[in-house]
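Chemist: First the structure, which I've put down as structure tokens, then a few questions once you've had a look.
The values are calculated or read from the model by the stated rules, or taken from the named source; none is laboratory data. Everything numeric in this text was worked out from a predicted model, so none of it was measured. Glycine also receives a Cβ, built like all others from the backbone with ideal geometry; neighbour counts cover every protein chain displayed. Just so you know, the surface numbers come from the protein's heavy atoms only, side chains and all, with ligands and any DNA or RNA stripped out. Shrake-Rupley method; radii C 1.70, N 1.55, O 1.52, S 1.80 Å.
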Amino acid sequence: ALYRRWLGEGVLESHEGRFLVEMEATKDILAGTIAGAFGILVGQPLDVMRIRAQTTWAGQNLPLQTRIFRMVRQEGLLAFYKGVIPPMAGAGAQHAALFLAYGSVTRFLNRNAGGDPSVAHRAWESGTDFFRLCSIYDVILILRTGENQLPSLYVVAAAGAAGGAFSSFVTAPVELLKVRQQVVEARGGSGMLALIRHVVASEGVGVLMSKGLTATIGREVIAYSCFFVCYEYIQRKWATIFNKDPHKVPLHIVYVAGGVSGVICWLPSYPFDVVKSKLQVESTSKETMLSCARRLLANEGLQVDYLPNSHRKRFCPELK
């Protein structure tokens with residue numbers, strides 16, 4: 001919604017043929033950051049249950065409600081917010097990396113697909129370092145290339161995959177710290193700084209980046225490719241059906257498109273998420289992504305958790 005709003009209101013063409021960005025956009029950046037933080041806070045309880053279902057709850061033949069009541073009784077309500085600090089602290093860098101790669105790849109592919117490269121080049125060169133860093137500015141330039149030409153869904157899919165792969169190098173260490181905090185079944189748990197010192201001292205600093213990285217890349221590439229394609233398709237389809245400007249989609253349609261896309265993107269990417277969590281939470285494991293996946297399939301199969309008469313988890317999508 002942020003870059004859609006900028007697309008229609010925040011980017012203007014000056015008399016010199018260059019784009020100027022209104023200072024009001026700074027407020028939108030701040031609003032987007034705050035909204036992202038609220039999104040993490042709202043989804044964190046479900047995220048804690050997801051990680052535990054993939055790791056410490058494995059093999060426990062108990063219904064979901066029993067597990068939740070036991071967790072609250074033993075650890076308190078704050079257990080649902082264990083591990084919230086790493087994603088809150090890393091959210092800005094994760095989104096900057098994602099949209100930087102997404103915007104750059106979209107610009108490159110759109111330029112070679114017939115857009116006007118000079119327009120995007122002039123706009124990019126006139127941008128300030130601040131907006132380059134924010135990277136959503138880059139996305140605006142892409143979608144404004146030529147005569148308001150929207151990139152094809154093939155371009156969107158490729159750019160989403162590239163953005164997911166690039167952001168994985170930020171996401172992997174953040175999520176390693178997050179899942180290590182989430183699986184501590186004790187009241188209070190450990191602080192983030194103490195956890196970082198423990199991980200570095202016992203496993204080395206390299207583990208922050210390397211452990212679960214391949215599975216994270218697999219998950220993010222598939223997830224963001226699906227997400228951006230579904231997100232764009234739903235909004236463009238709405239604009240086509242009602243004969244509206246695809247750049248001026250109302251907020252409730254953006255909300256629906258984001259929610260539906262979020263559900264769909266988890267369906268093909270969730271197996272990678274299960275493997276990633278297993279690898280990151282087991283500090284002594286030296287397994288690769290493939291060997292871990294083979295072990296899970298051999299020992300636990302493809303059973304779905306939280307269905308009647310089935311208390312085994314695994315590749316059940318997280319519909320949050």
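Chemist: What number of residues in the range 169-185 are among the basic types (K, R) and over 15 Å from M88 (Cα atoms)? Give the derivation first.
Modeler: Kept after step one, since they are among the basic types (K, R), are these residues of the range 169-185: 178, 180.
Cutting the leftovers down to over 15 Å from M88 (Cα atoms) gives us 180.
Residues flagged as among the basic types (K, R) and over 15 Å from M88 (Cα atoms) within the range 169-185 amount to 1.
Chemist: Here are some conditions: (1) free of Cβ contacts under 8 Å to residues at least 60 places away in the same chain; (2) open to solvent by 30 Å² or more (accessible area, probe 1.4 Å); (3) closer than 19 Å to A97 by Cβ. I234 meets all but one. Which one does it not meet?
Modeler: Condition not satisfied by I234: (3).
Chemist: Run L251 past the list (1) in contact (Cβ under 8 Å) with a residue 60 or more places away in the chain; (2) buried (at least 22 other Cβ atoms within 10 Å of the Cβ) and report the number of the one that doesn't hold.
Modeler: (2)
Chemist: Regarding the range 267-283, can at least one residue be identified that is at pLDDT 90 or above, under 30 Å from T106 (Cβ atoms) and either touching a Pro at 6+ places or on another chain (Cβ under 8 Å) or part of a loop (DSSP other than H, G, I, E, B) (or both)?
Modeler: Yes - at least one qualifying residue is present in the range 267-283.
Chemist: Follow-up. Being open to solvent by less than 90 Å² (accessible area, probe 1.4 Å) and either over 26 Å from Y224 (Cβ atoms) or part of a loop (DSSP other than H, G, I, E, B) (or both) is the filter here, so list the residues in the range 71-99 that pass it.
Modeler: Hits for the range 71-99 are M71, V72, E75, G76, A79, F80, K82, G83, V84.
Chemist: Suppose the filter is open to solvent by less than 50 Å² (accessible area, probe 1.4 Å) and either in a loop (DSSP other than H, G, I, E, B) or free of Cβ contacts under 8 Å to residues at least 40 places away in the same chain (or both); does A239 pass it? Write out each step before concluding.
Modeler: Details: open to solvent by less than 50 Å² (accessible area, probe 1.4 Å): yes; either in a loop (DSSP other than H, G, I, E, B) or free of Cβ contacts under 8 Å to residues at least 40 places away in the same chain (or both): yes.
The answer is yes for A239.
Chemist: Among I51, I68, which is the only one that is in contact with a Ser or Thr (Cβ under 6 Å, 6 or more places away or on another chain) and assigned to a helix (DSSP H, G or I)? Break it down stepwise before answering.
Modeler: Working: I68 fails: in contact with a Ser or Thr (Cβ under 6 Å, 6 or more places away or on another chain).
Testing whether each residue is in contact with a Ser or Thr (Cβ under 6 Å, 6 or more places away or on another chain) and assigned to a helix (DSSP H, G or I) leaves just I51.
Quick grid of which residues meet (1) under 14 Å from the mean Cα position of the chain (by Cα); (2) not in a helix (DSSP H, G or I):
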| residue | (1), (2) |
| --- | --- |
| Q181 | no, no |
| E185 | no, yes |
| L193 | no, no |
| R197 | no, no |
| L208 | no, no |
| T214 | no, no |
| I222 | yes, no |
| S225 | yes, no |
